[in-house]
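Everything below concerns the one structure shown next.
The values are calculated or read from the model by the stated rules, or taken from the named source; none is laboratory data. From a predicted model like this one, the values you see are computed outputs, not experimental measurements. Here the Cβ is made from the backbone with ideal geometry for all residues, glycine too, and neighbour counts use every protein chain on show.
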Amino acid sequence: MVIAGPGGVDEAIAAGVDLDGSPIPAPMLNLYNEVMEKESQRARSGVKKSMRNRIVKTGAKHFDKETLNQRLIDAGWDGLKDKEIAFFYS
């Protein structure tokens, strides 16, 4: 199974297989599905806040700290917070 793009992991989970094609154990799938169901019922605080959180989480994998910080600021968001830097770059 070739996994690419933002929906690739979700597609693999839905198919119940890992990237190497091996089945994901039922207890793992059950727990994941239970937690995601609870998450789907949680009230949201705003789309822009969620967008920023996703950008920081994923962007930290692709950009160095200074670049991501400046890109956030250039886009109109607050720069990286100390706790984000500590978590994603330490």
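Inside the stretch 5-24, can you point out the residues that are of a type in the set (D, E, K, R) and part of a loop (DSSP other than H, G, I, E, B)? Walk me through it before giving the result.
Applying the first criterion (of a type in the set (D, E, K, R)) to the stretch 5-24 yields 10-11, 18, 20.
The answer is Asp18, Asp20.
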Subset of the stretch 65-77 [in a loop (DSSP other than H, G, I, E, B) and touching a residue at least 24 places away in the same chain (Cβ under 8 Å)]
Trp77
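Working carefully through the options Gly16, Gly46, find the one that is surrounded by 11 or more Cβ atoms within 10 Å (Cβ to Cβ) and at positive phi.
Numbers: Gly46 fails: surrounded by 11 or more Cβ atoms within 10 Å (Cβ to Cβ).
After applying the criteria, what remains is Gly16.
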The condition of being under 30 Å from Ile73 (Cα atoms), polar (S, T, N, Q) and in a helix (DSSP H, G or I) holds, among Ser50, Ser45, only for Ser50
When the residues of the stretch 60-73 are narrowed to those that are under 10 Å from Phe88 (Cβ atoms) and charged (D, E, K, R), which ends up surrounded by the fewest Cβ atoms within 10 Å (Cβ to Cβ)?
Lys61
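This table checks each residue for (1) assigned by TED's automatic domain parsing to the domain that holds Leu72; (2) closer than 30 Å to Asn69 by Cα; (3) over 17 Å from the mean Cα position of the chain (by Cα).
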| residue | (1), (2), (3) |
| --- | --- |
| Ile13 | no, no, no |
| Val17 | no, no, yes |
| Gly21 | no, no, yes |
| Pro27 | no, no, yes |
| Met51 | yes, yes, no |
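Consider Gly76 carefully, then state whether it is at pLDDT below 95 and surrounded by fewer than 12 Cβ atoms within 10 Å (Cβ to Cβ).
The answer is no for Gly76.
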Checklist (1) surrounded by 12 or more Cβ atoms within 10 Å (Cβ to Cβ); (2) in contact with a strand residue (DSSP E or B) (Cβ under 9 Å, 6 or more places away or on another chain); (3) modelled with pLDDT under 95 applied to Ile3, failing item
(2)
